[in-house]
1. Could you pull out which residues in the range 83-114 have an amide N less than 16 Å from a spot 7 Å beyond the Cα of Glu121, following the Cα-Cβ vector?
2. How large is log10 of I(q)/I(0) for the range 1-105 at q = 0.14, 0.15, 0.18 Å⁻¹ when the intensity is taken from the Debye formula with one equal scatterer per alpha-carbon?
3. Once you order the gyration tensor axes a ≥ b ≥ c over the Cα atoms, which shape class does the range 82-130 get: rounded for a/c under 1.5, otherwise prolate or oblate by comparing a/b with b/c?
4. Among all lysine pairs in the range 5-134 that are eight or more places apart or on different chains, how many have alpha carbons less than 17 angstrom apart?
5. Solvent-accessible area of Leu196, probe 1.4 Å, all protein chains present, reported in Å² to the nearest ten, please.
6. Once amide H atoms are built 1.01 Å from N in the peptide plane, which residues 5 or more positions from Thr94, or in another chain, come under 5 Å H to H?
7. At a Cα cut-off below 22 Å, give the lysines reachable from Lys185, other chains included and same-chain residues fewer than 8 away excluded.
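The values are calculated or read from the model by the stated rules, or taken from the named source; none is laboratory data. Not measured: the values here are computed from a predicted model. Backbone-built Cβ (ideal geometry, glycine too); neighbour counts: all protein chains shown. Note: areas computed on protein heavy atoms with side chains; ligands, DNA, RNA excluded. Shrake-Rupley method; radii C 1.70, N 1.55, O 1.52, S 1.80 Å.
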Amino acid sequence: LDASQMTRVCDVLTATANGSAQTIEDLGYALADVAPIAKSTGLTLEDTAKLIGALANFGVKGSAAGTVLKNIQTRLASDAGAQAKYAELGIDTTDAEGNLRKLNDILIDLGVAIQNMPSAEKLATIKTLFGQYGLKGVSITTADFKELNAAIDSAEGTAARVAAAMDDGLGGALRLTSSAIEGLKIAVGEAMVPALQK
């Protein structure tokens, strides 16, 4: 994304951090791992943030969340055993044009397909689909994405609202005063530089 998208990025990251157990720092680590494959499989920033946020709510955070998602996406796109298992479960992984469906939608379908399986069969299915390192993602298939999805889908303006809330009240006033004093020190210091250099 180019710099003109910075406000969108800030809004999505803030909405995700506020709506999940991920911090902004966690999101950075997760995105660093999963971003290249997310882009290549057609996931938007919003789609990816929803998945990372949902994983965090099941205790998978930061780079671990990125690794789990990367593994799930890779196997979905290229592993014959995983593709056969999705077909066996009656889950379409591609759309009518042959493009991969959004992982978010596939996981929701998967959650429905395995919800009544015995635990041993469920774990074996997840291992086939996600691989050994994807087992941490097992709970995401039963996640209710609705609340987090709604927050991210309506993320526009979130960063500004959060900033305004943080600057409200005495704490905000003190932070703004401290910033103003620091600015004054810098301005005075810069004005004195020529005289001090002499």
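1. Backbone N within reach: 85-91, 110-114.
2. -0.56, -0.63, -0.86
3. Details: a/c = 2.40, a/b = 1.92, b/c = 1.25.
Prolate, because a/c is 1.5 or more and a/b exceeds b/c.
4. For the range 5-134, the number of qualifying lysine pairs is 11.
5. 130 Å²
6. Answer set, sorted by chain and number: Arg101.
7. Lys198
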